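Working notes, beginning with the structure itself.
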């Protein structure tokens with residue numbers, strides 16, 4: 001997966017079966033589905049893979065307990081099946097995570113026990129484990145740090161936990177493994193049309209400024225919160241197709257919640273679910289659901305969202321976290337299908353995905369979530385084949401191993417998320433016994449070079465935010481190592497000192513929004 005080689009392909013190969021715009025979870029899922037079915041496939045991403053929403057999730061592969069509470073059984077069934085498939089297809093990234101709901105009254109015990117038994121039943125043979133009520137003593141043992149006053153027990157259930165941007169990188173690599181192409185920092189600036197139908201795109205390389213007119217039999221708009229930008233290229237008078245919700249997460253030291261089990265708070269003051277999830281030896285606490293009007297690649301957490309999470313977590317943890325304890329705060333935007341009627345509250349809008357086809361045959365997909373990325377791709381290819389009259393093909397992705405596939409049970413290994421590539425990285429480390437760049441975050445010089453050479457990392461932020469998770473795990477530490485990482489990248493990319501200084505400056509401007517002063 002090398003960008004220079006991929007760019008040369010764009011110059012020689014101007015005709016494609018499917019071009020996908022957008023390199024987040026949805027776009028990667030569509031592109032992988034297309035190439036697995038045998039179509040010549042190209043994915044274009046304006047920034048980096050999973051730069052926006054798809055790297056800012058709660059790190060869960062889940063059926064959706066909250067959707068069950070809303071009565072959306074179909075979505076829970078779909079998500080539960082996809083959760084099981086992803087657990088099988090990417091075992092190096094997706095783990096079976098036990099969750100516990102602390103119970104403080106008998107009515108909640110009955111409600112959550114019955115509800116989660118239904119959750120198990122819906123998942124069927126792809127369930128990750130049976131839910132069960134556990135005693136007060138066992139709850140306290142499994143949830144060290146939880147408030148004990150009034151506790152009568154807990155309900156234990158199972159869902160999946162994963163690393164979102166690492167899955168995005170692996171999906172892009174899988175696209176290459178299957179003969180397709182995915183390229184970052186290529187923006188679509190216009191659509192090509194022939195006889196009133198979309199027939200391709202005008203793509204511009206953000207690094208060189210080079211323009212590529214590319215023909216395609218089908219163009220898919222999978223740009224998440226930016227879908228309306230592409231729809232307006234097709235029709236300047238197109239209406240609004242999505243509303244945008246912001247979700248914020250705080251990252252704390254594991255000492256605030258030294259448990260292997262995740263905590264699920266079933267109903268917060270704003271009617272949402274709040275999670276405390278162990279992740280890379282830290283704990284991620286969130287999320288919020290705030291409707292926003294401004295769409296940006298780098299959304300910023302609002303003060304009221306930060307206070308809400310700290311206050312809610314403090315009601316359940318015996319040691320109440322303060323602002324000074326937050327290692328990182330990150331915000332992501334959810335592209336939700338705009339409601340046609342009923343409530344406009346974002347937490348009540350279905351997370352189901354929706355496919356739209358314009359009169360000019362621009363294919364757009366909105367909504368959805370990480371867990372159902374594969375099913376979104378399958379549904380999109382079915383829509384393309386039906387709309388364009390192509391021969392019907394069948395999906396090959398339900399049991400397609402994702403790049404890096406490895407049955408890995410050692411989650412304490414700091415390189416577990418590389419899966420089958422971990423051995424190659426360790427081999428390079430043995431050849432270059434250099435000290436760690438960051439011992440606390442387990443980041444080594446070899447990982448930086450690997451990200452540049454094999455994972456299409458182009459900027460300092462690509463490496464520190466998404467190839468490693470330094471920015472999200474400890475923003476202050478990531479700033480400390482920014483310059484040495486940029487210098488390693490510069491050497492691998494043949495860049496000069498001016499490039500290093502600019503990268504560090506740009507990164508500092510982004511990282512400041514992940515810090516709480």
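Distances over 24 Å make up what percent of all Cα-Cα pairs in the range 189-309?
When all Cα pairs of the range 189-309 are counted, 51 percent exceed 24 Å.
Sort all Cα-Cα distances of the range 389-442 into consecutive 10 angstrom bins from zero, then give the percent of pairs in each bin up to the one containing the longest distance.
18, 35, 22, 12, 9, 3
Cut-off 18 Å, label point 7 angstrom out along Cα-to-Cβ of residue 88: give me the residues of the range 357-384 whose amide nitrogen falls inside.
Of the residues in the range 357-384, 371-379 have backbone N under 18 Å from the label point off residue 88.
Would you order 155, 132, 452, 61 from fewest to most other beta-carbon atoms within 10 Å of each residue's own beta-carbon?
132, 452, 155, 61
Could you list 481, 309, 355 so that the one with the fewest beta carbons within 10 Å of its beta carbon is first and the one with the most is last?
Lowest count first: 355, 481, 309.
Kindly give Rg over Rh for the range 1-112, based on alpha-carbon atoms, with the Kirkwood expression for the hydrodynamic radius.
That ratio is 1.12, to two decimals.
Fewest Cβ neighbours within 10 Å first, please rank 450, 499, 370, 16 accordingly.
Least crowded to most crowded, the residues run 499, 450, 16, 370.
With runs of 4+ DSSP H residues as the only contributors, calculate the mean residue ellipticity of the chain at 222 nm using -39,500 (n - 2.57) per run, divided by the residue total and rounded to the nearest 500.
The helix contribution divided over the chain gives -10500 deg cm²/dmol.
Starting from 0 in steps of 5 Å, tell me what percent of the Cα-Cα pairs of the range 112-195 lands in each bin.
Computed distribution, short to long bins: 3, 10, 12, 11, 11, 11, 9, 7, 8, 8, 5, 3, 2, 1, 0.
Could you work out the Rg to Rh ratio of the range 55-191, with Rh taken as the Kirkwood radius (inverse of the mean 1/r over all Cα pairs)?
1.10
Please report the spacing between the Cα centers of the range 31-89 and the range 120-144 in Å, no decimals.
24 Å
Taking just the C-alpha trace of the chain, give me its Rg and Dmax in Å.
22.5, 71
Could you sort the peptides 323-331, 5-13 by per-residue average Cβ neighbour count (10 Å cutoff), highest mean leading?
Top to bottom by mean Cβ count within 10 Å: 323-331, 5-13.
Kirkwood hydrodynamic radius for the range 16-76: how many Å is it when counted over pairs of different Cα atoms?
Its Kirkwood hydrodynamic radius stands at 13.4 Å.
Starting from a Cα-only point model with no solvent, please compute log10 I(q)/I(0) by Debye for the range 416-514 at q = 0.12, 0.13 1/Å.
Listed by q, the Debye log ratios stand at -0.35, -0.41.
Values in this text are rule-based calculations from the coordinates and carry no lab data. Quick caveat: nothing in here was measured; it's all calculated off a predicted structure. All Cβ positions, glycine included, derive from the backbone under ideal geometry; neighbour counts span all protein chains shown.
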